[in-house]
Every structure is written in C-alpha cells, then in structure tokens.
Amino acid sequence: MSKVTEEEMEEIKKIVEEAFPDDPALQQVHIARKIIAREAKLHGLSYLEYIKSGKKRAVLQNI
C-alpha cells in the first residue's frame, strides 16, 4: 500500500498538470515518477535504490 497521502497525490497532480497542460500522457509519466520518488524518500532510499528494490511494484498497482 502506498504511504503517499491523497493530499500529496493531489498536490503532485496539480503541479504536473500546470507544468504540462496540453499533454496528458506526459502528465501521467511525471505523476508516476514523482509518486515513486516520494515513496523512495519515505523508505529512506534513493530513487534508483527504490526502483531496484522491487517495492515500486506495489506502489504502481495502487495508482
């Protein structure tokens, strides 16, 4: 289960939508990346360490 709160996810979505207003596909990529980065931080890992750990699979299933 994701440790990122709904409020954090909404803030991430808002920031990304403002950065890429006309590209929903690019928004989804950046939203996923930012959520994974936040999860990595919560686990005390770098982004790359988190990706390699396999923990991201559970996070992405909840998006």
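The values are calculated or read from the model by the stated rules, or taken from the named source; none is laboratory data. Just so it is clear, the model here is predicted, and its values are computed rather than measured. A quick note on method: Cβ atoms are made from the backbone with ideal geometry, for glycine too, and the neighbour counts reach across all protein chains shown.
When you scan segment 4-27, do you find a residue that is in contact with a helix residue (DSSP H, G or I) (Cβ under 7 Å, 6 or more places away or on another chain), modelled with pLDDT under 90 and of a type in the set (A, V, I, L, M, F, W, C), even just one? Taking every residue of segment 4-27 in turn, at least one turns out to be in contact with a helix residue (DSSP H, G or I) (Cβ under 7 Å, 6 or more places away or on another chain), modelled with pLDDT under 90 and of a type in the set (A, V, I, L, M, F, W, C). Among the listed residues 57, 38, identify the single one that is within 11 Å of the chain's Cα centre (by Cα) and at pLDDT below 95. Result: 38 is the single residue among 57, 38 that is within 11 Å of the chain's Cα centre (by Cα) and at pLDDT below 95. For segment 9-27, the set of residues classified as surrounded by 11 or more Cβ atoms within 10 Å (Cβ to Cβ), acidic (Asp, Glu) and not in a helix (DSSP H, G or I) consists of 23 only. What about residue 51, is it of a type outside the set (Phe, Trp, Tyr), out of contact with any His (no Cβ under 8 Å at 6 or more places or on another chain), modelled with pLDDT under 90 and part of a loop (DSSP other than H, G, I, E, B)? Answer is no for this residue.
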